[in-house]
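Scroll down for the structure; my scribbles are underneath it.
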Amino acid sequence: MTGWQTLFYKEILRFWKVSFQTVAAPVLTSVLYMLIFGHVLQDHVKVYDQVPYTAFLLPGLMMMSVLQNAFANSSSSLIQSKIMGNLVFVLLTPLSHWSWFVAYVGSSVVRGLAVGLGVFVITGWMVHIEFVYPLWILVFAVLGAAMLGALGLIAGLWAEKFDQMAAFQNFIIMPMTFLSGVFYSIHSLPPFWQQLSHLNPFFYMIDGFRYGFFGQSDVSPWTSLSVVGLAFVLVSTIALTLLRTGYKIRN
């Protein structure tokens, strides 16, 4: 294997060796969301015509799981390596910043998709759901996971201790995810909050992903793809620049 393939393989093994914690636990959390919100709101909330609320909820939970776990994979790997001191063994290798980026982001995409697929396998039997545009589903799942993997790289490079990483996840990632339309359509919000939701790139990831299932969305899927693509390029550029300069990892 080449350098980046070896690092990629190492990152895959890192989360797979504890898959009960990194894959099974997030799947269980999404199942609980599905059971609780689906049971409570099924007969009270109507979003799209002919689409039950539980069917509407499932893609949102899948994408939320993909995004959160893609971020957690790259960010936790870097911060653990920095604190435990074993990051020096990767620094000693002649790997370029591109190799680091592809390996960390690639493994984050794999973990995110694994969790999202697990959510669908466990909860898919609860509702009847169709795949109207499967290619849109795949594109937004991979692009969203890659963006959050790159954002996790930035957070992992910036953080110097676990509570800083926890603050990044609790005050940035979690609010942006929960306020992105996972549990509701933004058309049910007052005008001010609708406009505010359009500033959240996570909304476009989930809305575009949901479009692949139902062929319906709050905004055009091409608009969502443009916003997500631009956000991915921006975040990736920042992550690559930090890796190239050795920000907080080379003294």
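Each reported figure results from applying straightforward, stated rules to the coordinates on display, with no laboratory input. Quick caveat: nothing in here was measured; it's all calculated off a predicted structure. Backbone-built Cβ (ideal geometry, glycine too); neighbour counts: all protein chains shown.
Remarks
- Alpha-carbon Debye profile of segment 195-238, log10 I(q)/I(0) at 0.18 Å⁻¹: -0.49
- Extending 7 Å from the Cα toward the beta-carbon at both residue 10 and residue 247 defines two label points whose distance is 2.2 nm.
- Cα centroid separation - segment 48-119 against segment 205-239, whole Å: 17
- Between residue 91 and residue 20, the modelled labels are 3.5 nm apart [label points 7 Å from Cα along Cα→Cβ].
- Within the chain, helices built from complete DSSP H runs that reach 15 Å or longer along their own axis (Cα positions) and carry a mean Kyte-Doolittle hydropathy of 0.5 or higher are 25-41, 53-84, 97-123, 134-158, 201-214, 221-245.
- Here segment 148-225 was treated as a single set of alpha-carbon atoms; its pair distances binned every 10 Å from 0 give 18, 42, 27, 13, 0 percent.
- Exposure rule at most 15 other beta-carbon atoms within 10 Å, DSSP loop chymotrypsin sites (Phe, Trp or Tyr not before Pro): the chain longest free segment: 1-130
- Candidates per trypsin sites (Lys or Arg not before Pro) in segment 155-251, loop by DSSP, up to 15 other Cβ within 10 Å: 161, 248, 250
- Cα coordinate range in segment 3-245, projected on the principal axes (Å, largest first): 58, 35, 33
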